[in-house]
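Written out below as structure tokens is the structure these notes cover.
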Amino acid sequence: REAEFGIAVADAWQGVGLGRVLMRRLGRHAARRGISRLVGDVLPDNRAMLAITESLAGQIVRSPNGPGVVRAQFELRG
């Protein structure tokens, strides 16, 4: 029911909303396949991904992978 995600946007495409579009599509795709939560570790200084998480009603929680990262977590509705 839980899946790990990762997205990368090339420098030339950053700041145009592509990351947000990718997260929305990934969330819809995962929910259709029975996934109820997406999680991904994020560097604490990755302001863009933290902003995407907030704008899409995700949560930033403590990562089990140590203090050098935080976890972006999205609850999905099928």
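The values are calculated or read from the model by the stated rules, or taken from the named source; none is laboratory data. The structure displayed is predicted, hence computed values, not measured ones. Neighbour counts run over all protein chains shown; Cβ positions are idealised from the backbone, glycine included. Remember, those area values only see protein heavy atoms, side chains included, never the ligands or the DNA or RNA. Shrake-Rupley method; radii C 1.70, N 1.55, O 1.52, S 1.80 Å.
Which residues, counting only those in the range 8-27, are within 17 Å of Gln73 (Cβ to Cβ) and open to solvent by 60 Å² or more (accessible area, probe 1.4 Å)?
Arg20, Leu22, Arg24
Cβ contacts < 7 Å: first residue in contact (Cβ under 8 Å) with a residue 40 or more places away in the chain, restricted to the range 32-55; second residue in a loop (DSSP other than H, G, I, E, B) and open to solvent by less than 60 Å² (accessible area, probe 1.4 Å), any location; separation 6+ or different chain. Result?
Pairs that qualify, where the first residue is in contact (Cβ under 8 Å) with a residue 40 or more places away in the chain and the partner is in a loop (DSSP other than H, G, I, E, B) and open to solvent by less than 60 Å² (accessible area, probe 1.4 Å), are Ile35/Leu76; Ser36/Leu76.
Considering only the range 30-58, state which residues are surrounded by 12 or more Cβ atoms within 10 Å (Cβ to Cβ) and either charged (D, E, K, R) or within 15 Å of Arg77 (Cβ to Cβ) (or both).
Ala30, Ala31, Ile35, Ser36, Arg37, Leu38, Asp41, Glu54, Leu56, Gly58 - these are the residues of the range 30-58 that are surrounded by 12 or more Cβ atoms within 10 Å (Cβ to Cβ) and either charged (D, E, K, R) or within 15 Å of Arg77 (Cβ to Cβ) (or both).
Pick from the range 58-78 the residues that are touching a residue at least 40 places away in the same chain (Cβ under 8 Å) and part of a loop (DSSP other than H, G, I, E, B): which of them is nearest to the chain's Cα centre (by Cα)?
Going through the qualifying residues, I end up with Leu76.
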